[in-house]
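Derivation of every value follows stated rules applied to the coordinates shown; laboratory data play no part. On a predicted model such as this, the values are computed, not experimentally measured, just so you know. With ideal geometry, Cβ positions are generated from the backbone for all residues, glycine too; neighbour counts draw on all protein chains shown.
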Amino acid sequence: MLRDVIDVAYHKVVKTIPLEKREELSDKMIDALLVSKNEDKMPVGLANTILYSWQRGLLVGDVGLVALLEAAVLLEPERTMEILGVELQLTNTTKKVKEVLMKAEK
Amino acid sequence: MIMVLIRMVRFGIEFVPREAYWKTIYYAVQAEKRGFNYLWITDHFNNRNVYVTLTVAAIYTDKIMLGPGVTNPYLVNPVITAQAVASLNEAAPGRVVLGVGAGDKTTLDCAGVEMQSPLTAVQECIDIFRKMTSGESVVFQGEVFRIAGAKFFFKPKGKIPIYVGAQGPKMLAMAGRIGDGVLINACHPKDISYAVDCVKKGVSEVGKKLTDVDVAAYTSFSVHENLKKATKAAVPVVSFIVAGSPSVVLERHGIDLKAAEEIREALKSSQWGKAFGLVSPEMIEAFSVCGTPDMCIERITQLLKSGISQFVVGSPIGPNVREAINLIGEKIIPHFKP
């Protein structure tokens, strides 16, 4: 149930990402995930969605980005915030992600 | 003639399924997108299972050929290997290959399994595999294996090409005689030339031509635009290769046997820094294909002239695997395409 709520929330977050920054964001999150030492934190469902999207070239689409964002926040939260806020200057998106995290903690 | 061979080269990539399955499969999909033709997954009991990894890879890829590279007949009975590979071939019809060799002595020792009569074991394994995957009921009385009557309850589809993992002259010749391909664990033109001569001997014994066999150089590879970074990534793998190489191979490359022994001892006692520090440029040159994309292209060209038809990029691939696969796909593979 919580998973569904979070999923819907991340869909809203992804809508705040400008089209021209999606590819770069997708690339940076993949890099963060592939070098992450926290691979055990990756839920299987998310991993399979990422692979499905990757196979079909959809990692810059809504579904792919939602899965990447969810996974990146779980495995590498600090790095994800750095990518969003500092490297890509996505201030609004960073704020929305923080709101989702606070909602999840509650 | 050389140009013709260069145009015909196929690229393979090897992954050790040491990390979580989704990382290995991500790279496998990436390799397919970047133009690789073959995906080889290593088979060691202490990593993720080879057939589980291959099955997931089969689901998320569409055209890349895939198979164990390599399994061995000691830890997995040939009838089970036949079952696993035939089942995999249902998930990826016509894309499956079998790589089989004598195995890695260190890993077998850990499992308490003796590497008995390696040449005969591999030959018998291939014989049993072919019979099983052609749907026969197998009764087999070999020196290593005895099968009392084994048959699948399903109908295996298609002929699955068999690649023999080989290093020694007898195994290489046998690969030429009975294999559809050979996976040669070597990186240097001197070693490849020697190996190809052995394979040629085998093919000529049974009236085949060398071009009937896919000759693959299974290399330790590291690429980066910065030579120092590429080399640094190759050092740990090279140290293990040096430690495991017989004197005759080390001498062929003018490598000091004493230095090799020191590396072996350091690795045994887990003194990684010491072992890696002892790796010399000559060792890197002999036991890896390493450098900038242009340097790697030059070495691959030399290997093609030595007679290979497939070039397999193996560990470490590069300091960053994702970047390295992209670099190979952008700068190296296109160089060899018509």
Any residue on another chain or 5+ positions along whose placed amide H is under 5 Å from the amide H of B:G99 is listed here as B:T71, B:Y163
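Would you tell me the mean number of C-beta atoms belonging to other protein chains that fall within 10 Å of each C-beta in A:46-58, as a whole number?
Numbers: counts 1, 6, 6, 0, 3, 10, 2, 0, 7, 10, 2, 1, 0.
Rounded to a whole number, the mean comes out at 4.
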Give the value in nm², to one decimal: projected area of the alpha carbon convex hull of the protein assembly as shown, averaged over all directions. 24.0 nm²
Compute the distance from the alpha-carbon center of the stretch B:169-195 to that of the stretch B:297-324, in whole Å. 16 Å
Taking R0 as 51 Å, what's the FRET efficiency between A:V35 and B:F153 from their Cβ-Cβ distance, rounded to 0.05? 0.70
Within 10 Å of each Cβ of B:25-36, how many other protein chain Cβ atoms are there on average? 2
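State which entries of B:K155/B:K209; A:K28/B:K331; B:K159/B:K200; B:K105/B:K151; B:K209/B:K337 exceed 29 angstrom in Cα-Cα distance in the structure shown.
Values: B:K155/B:K209 32 Å; A:K28/B:K331 22 Å; B:K159/B:K200 24 Å; B:K105/B:K151 31 Å; B:K209/B:K337 24 Å.
Check vs 29 Å cut-off fails for B:K155/B:K209; B:K105/B:K151.
Give the average, rounded to an integer, of partner chain Cβ atoms located within 10 angstrom of each Cβ in B:317-326.
On the way: counts 0, 0, 0, 3, 2, 5, 1, 0, 0, 0.
For this peptide, the per-residue mean of nearby foreign Cβ atoms is 1.
Most exposed first by the Cβ proxy, i.e. fewest other Cβ within 10 Å, how do B:K209, B:K105 rank? Intermediate results must be reported in sequence, preceding the final value.
Details: B:K209 9, B:K105 13.
Ranking B:K209, B:K105 by Cβ neighbours within 10 Å, fewest first, gives B:K209, B:K105.
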Mind putting a number on the dipole of chain B about its Cα centre? Charges go on the C-beta only, +1 for Lys and Arg and -1 for Asp and Glu, and I need it in Debye to the nearest 20. 720 debye
Rounded to the nearest 10, the angle in degrees between the Cα long axis of helix B:50-60 and the longest principal axis of the Cα atoms of chain B comes to 90 degrees
Which is the longest stretch in chain B that no exposed loop site breaks, taking sites as chymotrypsin sites (Phe, Trp or Tyr not before Pro) with a DSSP loop state and at most 11 other Cβ atoms within 10 Å? B:155-338
Considering only C-alpha atoms, what is the centroid distance from the stretch B:221-284 to the stretch A:65-92, in Å? 39 Å
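If each residue's Cβ is checked for other Cβ atoms within 10 Å, how do B:C198, B:C290 rank with the fewest at the top? Mind showing how you got there, number by number?
Details: B:C198 21, B:C290 28.
Ranking B:C198, B:C290 by Cβ neighbours within 10 Å, fewest first, gives B:C198, B:C290.
Which net charge results when you count Lys and Arg as +1 and Asp and Glu as -1 among the other residues whose beta-carbon is under 15 Å from that of B:D180?
Numbers: positive: B:R10, B:R95, B:R130, B:K159, B:R177, B:K208, B:K209; negative: B:D127, B:D212, B:D214.
Net of charged neighbours comes to +4.
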Run the simple label-point estimate for A:E78 and B:K305 please: 7 Å along Cα→C-beta, distance reported in nm. 5.1 nm
Angle check, please: helix B:189-205 long axis (alpha carbons) against the longest principal axis of chain B (alpha carbons), in degrees 0 to 90, nearest 10. 20 degrees
How many nm is it between the label spots at B:N326 and A:K103, if each spot is 7 Å from the Cα in line with the beta carbon? 3.2 nm
0 to 90° range, to nearest 10: angle between helix B:21-33 axis and chain B longest Cα axis: 80 degrees
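I want the local charge near B:T24. Using Cβ-Cβ distances under 10 Å, sum +1 for each Lys or Arg and -1 for each Asp or Glu among the other residues.
Details: positive: B:R18, B:K23, B:R48; negative: B:E19.
Net of charged neighbours comes to +2.
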